[in-house]
Structures are given as C-alpha cells and as structure tokens.
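The values are calculated or read from the model by the stated rules, or taken from the named source; none is laboratory data. Note that this is a predicted model, so its numbers are computed, not measured. Cβ sites come from the backbone with ideal geometry, for glycine too, and all protein chains shown count toward neighbours. Heads up: the accessible areas ignore ligands, DNA and RNA and are worked out on the full protein's heavy atoms, side chains in. Shrake-Rupley method; radii C 1.70, N 1.55, O 1.52, S 1.80 Å.
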Amino acid sequence: MTEPREASTTFSGRTTWVRQLETPLREFLRTETGSAAILLAATVAALVWANVDLRSYEALWGTNLSVRLGDAAVAQDLRHWVNAGLMTFFFFVVGLEARREFDMGELRDRRRLALPVIAGIGGMVAPIVIYLLFNRGLPSADGWGAAMSTDTAFALGMLVLVASRFPSRAHTYMLTVTVVDDLIALCVIAIFYSEHVSAFPLLIAIAIFAVTVALKSRSVRGGFLYAALGIATWVALFESGVEPVVVGLAMGLLTNASPAARTDLERASDLFRLFREQPTAELARSASAGVVNAVSRNHRLQQLYHPWTSYVIVPLFALSNAGIPLSGEFLVRAITSPITLGILIAYVVGKPVGIIGSTWLVSRLSGGRVRPPVGWAAVAGVGTIAGIGFTVSLLIATLAFSGAQLEEAKFGILAAALCASVITWIVSRATAMLPKKTRARALLGTAESIVDLVDPVDPDRDHLRGPEDAQVTLVEYGDFECPYCGLAEPVVREILADFGDVRYVWRHLPLRDVHPSAQLAAEAAEAAAEQGAFWEMHDLLLAHQGDLLLPDLVTYAEQIGLDTERFRDDLDGRTGADRIEEDMDSADLSGVSGTPTFFINGRRHHGAYDIVTLSAAVKAARVREALRS
C-alpha cells in the first residue's frame with residue numbers, strides 16, 4: 001500500500017464532461033422511456049380514429065397485402081402483417097435483451113435465476129386463475145392467455161415515468177421477471193393459439209431452425225445468412241398454422257452477448273493504424289470490420305432494431321389494434337362483461353399478488369438466502385406496473401376473440417394499463433413519504449450485490465487514497481495518457497473531499513495500442529511508489545498528459561523530491577512492469593477493456609462519471625452498506 005507523502009491534500013475542480021458510458025440495459029431503458037409517450041399517443045390516435053370514422057379505420061387495416069414469389073404467396077390483411085410480421089422484430093429485441101441478461105446481466109449469476117423465474121411464473125399463474133374465475137363455464141374462458149403477460153417495453157417505460165424515485169435495480173429486476181413472462185407467453189401463443197397446424201411445414205421450420213442452431217454453435221458468421229434462415233423459418237411456421245412471431249424470440253435468444261475484449265480492441269486499433277498509413281478501400285473495409293467485430297453481435301443488433309421496434313413497430317401495432325368504438329351502450333356492456341372484468345382484475349390484482357407473493361415465498365422458504373435485489377416497496381412497484389399487458393395481451397386477444405368479445409377484451413387491456421400506472425404512482429408517492437432510513441431499506445433492500453471486480457482490493461498491495469476502513473471503495477482502471485481519465489480526475493478528487501468514508505484505488509490499464517507513452521508513464525508511477533511517492537507522481541502525470549516522455553518523467557521526479565538516479569534505475573530495470581501486468585490481467589478477468597472504468601464496492605459503475613452521477617452512485621453504495629451493517 002502507498003500513501004501520499006503529504007497528509008493534507010487539497011481536492012478541487014469539477015469536470016464539465018459527462019461522456020456517457022452506454023450499456024445495453026441503459027440504452028434499453030432510455031429508449032423505452034421515450035417510446036412510452038409515442039405508444040400512448042398511438043393508442044389515443046387509434047381510439048379517436050375508431051370513434052370518428054370506424055369504417056375507414058377497419059377498411060385500412062383490413063386491406064389485403066400479398067407477397068408473391070412465382071406460384072407461392074403469403075397473403076394477410078395489414079393488421080395481421082403488423083401482428084405476425086413486424087411484431088416478430090419486437091420479440092427478436094426481447095430475445096436479444098433476455099440473452100444479454102443471461103450472459104452479462106443479473107442472470108449471469110445462475111444462483112439468482114430461480115427468483116425471477118418463479119416470480120415470473122407466479123405473476124402469470126395468479127392472473128390466469130383470476131380470469132378463469134370470472135369466466136368459468138363460459139366459452140370466453142378460452143381467452144385466458146390475454147390476461148397473463150406483461151408488456152415489457154411499455155411497462156418499463158411507464159415505470160421510469162411514474163416511479164422515477166425507484167432504483168435502477170428495480171428496472172433490472174422487472175426486466176428479468178418479464179423475460180420469463182415473455183418466454184412463457186410466446187410458448188402459450190405457439191401451443192394454445194395456433195389453429196389447424198400442418199405437420200409438414202412445421203417439420204420444415206424445425207429443420208431450418210436446427211440448421212441455424214448448428215451454424216451458431218460453430219460460430220459461423222454472416223448476417224444475411226441468418227436473416228435468410230429466419231425468414232424461411234417464419235414462412236414455414238406461417239404455413240404450418242403456428243404463430244410465427246416465436247421465430248423472433250428464438251433468434252434473439254441464440255445471439256450471444258459479451259463485453260468487448262481487449263484483444264479485439266487492440267486488433268481494431270492495428271487495422272485502423274494500417275488504414276491511416278495507407279488509406280485504401282481494402283484496408284478501409286478491414287478497419288471497419290475490425291471495429292464492428294469488436295462489439296458483440298447482440299449489442300449491435302439491439303442498437304439497430306430496438307429504436308425501430310420501440311418508436312415505429314410497437315406504436316404501429318397499437319394504432320392498428322387499439323381502436324374500439326366507445327359508445328355508452330358499449331361501456332355499459334363492457335363494465336359488466338366477464339371478459340373485461342376478468343382481464344382488468346387479473347392484471348391489476350393478479351399481477352402484483354403473483355409477483356410479490358412468489359418473491360416473498362422464495363425468500364421465506366430459502367431462509368433469506370435468496371432475496372430480491374431491491375427492497376419490498378420496489379418489488380411492489382414492479383408487481384403493480386407489471387399489470388400493463390398491452391402488446392402481448394392485445395396480440396393474444398386478436399387470436400382468441402373476435403367481434404364484440406374482442407372489443408371487450410381490448411377495453412379491459414386498456415383499462416388495466418391505465419389502472420396499473422396509477423397504482424404504481426401511488427406506491428411511489430407513498431414510499432417517498434416514509435422516513436429516510438425506512439425508505440432506503442424499502443427501495444434498496446439488503447441483498448448482496450453481484451461483485452464484478454474479480455480481484456478484490458488488497459490494502460497491502462493496492463495504491464489506496466482515503467481511510468482503509470471506509471464503507472465505500474472506488475476502484476478505477478486508468479491510463480495516464482487517456483484524456484478521459486484526466487477529465488475524470490477532478491471528479492474523483494471532489495468525491496474524496498465530499499465523502500469522508502470513501503477510499504480510492506488506482507489500477508493500471510495502459511492502452512498501449514492507442515497511447516504510446518501510457519506504459520512508460522505507468523512504470524514511472526511505480527518507480528515513484530518505490531520511494532513512497534505514488535500519488536504525487538500520479539497527480540503530475542494526469543496533469544501533464546501531453547508530456548510523458550522520459551525527460552518529462554525525470555523532471556517530475558525532481559519536482560516531488562525523488563532520488564532521480566534511483567528513479568532512472570527503476571525505470572531502466574522496469575521495476576513496476578510485473579505489477580502493471582497483474583493489474584491488466586485483473587482488468588481482463590473483470591471484463592474491463594477501456595478507460596476509465598470504475599467499480600464501486602466491487603460493482604461495475606455504468607453510466608456517466610460526472611460529479612453528480614458518480615456522487616449519486618457512491619451515496620447509494622454507502623446506504624446499501626449501512627443497511628447491511
């Protein structure tokens with residue numbers, strides 16, 4: 001461990017830079033927040049259109065459209081092209097996010113898989129039971145599938161809008177629960193709401209999908225190849241009578257997610273350097289391919305399709321399906337209809353009861369070993385907002401009902417979405433009125449966090465700044481030549497000044513492929529550490545990032561009063577090289593490929609690292625530690 005030689009250090013400065021370190025989940029949530037408003041607008045537009053001119057509404061969406069290739073053709077009306085065609089892309093994005101959570105998110109810790117699975121199942125079983133109680137003995141009981149599934153995208157967007165105080169972990173927990181919900185819902189559609197199934201086309205679809213799985217398992221690349229296989233599987237399922245939207249989810253689940261590997265990033269840098277030296281078309285293609293391949297296909301496909309599904313496809317689905325004439329006679333009939341009441345009560349009561357109850361049951365039966373990653377108020381908010389079953393529910397309703405019954409089902413779905421949003425807002429406001437400590441426990445809970453930092457902090461080895469027994473540990477993997485590390489430095493100083501119970505750890509990650517002086521600067525810091533002056537050299541290196549050549553480093557050593565002869569000898573002997581390699585190895589194991597990367601109490605910090613964002617993350621970590629103590 002090394003300490004600053006001067007006990008008193010003045011920390012000052014504030015960076016105006018708020019560069020966002022994006023993650024798929026953060027992008028997912030932000031996109032859903034914006035799309036929720038567009039979806040609401042599309043729903044209102046559909047209702048207004050249907051009540052102003054129902055004939056034109058039905059005429060447009062009932063227009064037949066066929067895609068023909070020789071004698072073969074696929075023909076549907078526009079509404080069904082949206083429902084069975086475009087919505088396949090929506091479920092593809094859901095599958096991508098499900099796989100990302102399994103590979104990189106909360107579900108990467110397989111021990112945590114049981115809780116969201118059981119909560120997801122409970123959140124579907126309870127609504128189905130309630131719906132069947134309202135419709136027992138009636139033909140409408142066959143429509144139970146319309147009362148079970150949460151609209152992941154809409155519910156996440158509304159959760160951000162009506163319960164902004166809820167922690168980000170609540171959004172993550174909801175996502176993991178509704179991933180299970182979506183998987184089961186697609187299976188229900190394929191098994192229970194597919195009519196007149198033809199065996200031969202179904203076998204063809206299974207064979208094509210098996211080929212796709214085999215190619216994926218052998219890491220065969222080719223976006224157009226997989227797109228062609230997906231389309232072929234979709235057509236075969238369509239001809240078989242099975243609802244073809246399941247293809248989207250299946251293809252999404254096959255797409256692996258992984259962080260960008262440092263070796264891939266270094267290869268991309270090498271290819272770009274070759275292009276910079278000789279800017280030919282061939283090298284341009286190589287450099288472009290190198291950059292693209294450094295990012296996982298899952299993330300690339302989410303960036304490509306997610307905005308389209310959220311801002312275009314799902315609102316278009318709402319516009320084509322949500323239009324119902326709201327006459328006085330219809331409203332009287334709907335509020336007494338077992339279909340409407342069954343769907344409404346199933347979502348508004350059944351969803352929270354199922355999710356909260358099953359979460360509590362797992363926690364109780366495990367003796368507290370398995371607990372939700374958030375507090376019970378946040379679990380309650382997740383349960384109530386899960387009562388928004390808009391997209392999938394409407395899709396199943398169009399398969400299960402027709403005519404007046406379909407209109408009654410749509411009304412129940414819309415009413416449930418409105419009621420679920422209002423109830424979640426009430427839960428959020430009630431939680432905000434609790435005493436501070438009680439509110440923190442109710443929102444954050446006491447479950448252990450997933451630790452992303454593979455190599456734990458060792459006070460006898462790591463370079464520490466701040467009290468050793470601090471509640472919060474902030475680890476930074478940094479590069480002395482990285483301009484973003486330089487801009488983040490004043491933020492770290494301000495946090496250490498503002499919080500007395502934070503200890504800060506610097507670990508080396510010189511990006512040698514893009515910063516030619518970074519390795520030498522890191523070795524200079526370690527050479528200074530040999531004389532007990534790591535932090536003085538650290539501060540000078542970040543303050544003079546453009547001057548990191550050997551004469552500059554010797555000048556800095558003189559400024560802080562080091563034995564320059566010994567300093568030169570340590571540099572020549574590369575005394576700190578092994579230590580730097582150890583830091584780089586630990587960065588690889590922790591999935592770190594760029595700088596600066598921060599970990600707060602072992603959990604990787606995602607997002608901006610301006611003073612406001614990073615301070616909020618430190619405060620949240622401090623509260624969680626206090627709750628567990």
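Tabulated data
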| item | result |
| --- | --- |
| Hits in segment 215-273 (condition: outside any loop (DSSP other than H, G, I, E, B), modelled with pLDDT under 80, under 25 Å from the mean Cα position of the chain (by Cα) and of a type in the set (Ser, Thr, Tyr)) | 263 |
| Of the criteria (1) under 24 Å from residue 119 (Cα atoms); (2) of a type outside the set (Asp, Glu); (3) open to solvent by 20 Å² or more (accessible area, probe 1.4 Å), which one residue 377 fails | (3) |
| Segments classed as helices (runs of 4 or more DSSP H), wholly inside segment 513-602, with at least 3 members that are surrounded by fewer than 14 Cβ atoms within 10 Å (Cβ to Cβ) | 550-559, 564-572, 577-589 |
| Selection within segment 342-357 - open to solvent by 10 Å² or more (accessible area, probe 1.4 Å) and either β-branched (Val, Ile, Thr) or more than 34 Å from the chain's Cα centre (by Cα) (or both) | 345, 348, 349, 353, 356 |
| Any hit, segment 312-326, residues being within 35 Å of the chain's Cα centre (by Cα), at pLDDT below 85 and not in a helix (DSSP H, G or I) | no |
| Where a residue in segment 436-452 is in a helix (DSSP H, G or I) and open to solvent by less than 30 Å² (accessible area, probe 1.4 Å) and its partner, wherever it lies, is modelled with pLDDT of 80 or more and among the hydroxyl-bearing types (Ser, Thr, Tyr), with Cβ under 9 Å and at least six apart | 442/431; 443/431 |
| Segment 399-421, residues that are open to solvent by less than 30 Å² (accessible area, probe 1.4 Å) and not hydrophobic (A, V, I, L, M, F, W, C) | 408, 410, 412, 421 |
| Qualifying residue in segment 89-102 (condition: open to solvent by 10 Å² or more (accessible area, probe 1.4 Å), in contact with a Gly (Cβ under 9 Å, 6 or more places away or on another chain), touching a residue at least 60 places away in the same chain (Cβ under 8 Å) and β-branched (Val, Ile, Thr)) | yes |
| Search result, residues across segment 603-624 that are open to solvent by 40 Å² or more (accessible area, probe 1.4 Å) and either of a type in the set (A, V, I, L, M) or closer than 15 Å to residue 498 by Cβ (or both) | 612, 613, 616, 619, 622, 623 |
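Residues are listed down the side, and each one gets a yes or a no for (1) under 29 Å from the mean Cα position of the chain (by Cα); (2) assigned to a helix (DSSP H, G or I):
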position: 132; (1), (2): no, yes
position: 137; (1), (2): no, no
position: 159; (1), (2): yes, yes
position: 176; (1), (2): yes, yes
position: 180; (1), (2): yes, yes
position: 184; (1), (2): yes, yes
position: 190; (1), (2): yes, yes
position: 196; (1), (2): no, no
